[in-house]
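Structure first, then comments.
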């Protein structure tokens, strides 16, 4: 019987995010909309959309409401 590796904890998962993804996740957790995050960071909304999608995938969560 193979032993299963434990799932990484929240800190390990957070460290998998790029600095930009961490920044976007923090702003999203404070309730900012993607368009507001884009304006705050000086990037496009499409970039923020992609970063939010990457955060959700890397943290294995289904919606941005769970980022908080």
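Looking across the range 29-68, the residues that are in contact (Cβ under 8 Å) with a residue 40 or more places away in the chain and assigned to a helix (DSSP H, G or I) come down to 58, 59.
The set of residues in the range 1-29 that are exposed (fewer than 12 other Cβ atoms within 10 Å of the Cβ) and at pLDDT 95 or above contains only 19. Summed over the range 32-67, the residues that are surrounded by fewer than 15 Cβ atoms within 10 Å (Cβ to Cβ) and closer than 15 Å to residue 13 by Cβ give a count of 5.
The values are calculated or read from the model by the stated rules, or taken from the named source; none is laboratory data. Just so we're clear, the structure is a prediction, and the values are computed from it rather than from any experiment. Here Cβ is always computed from backbone atoms with ideal geometry, including for glycine, and neighbour counts include all displayed protein chains.
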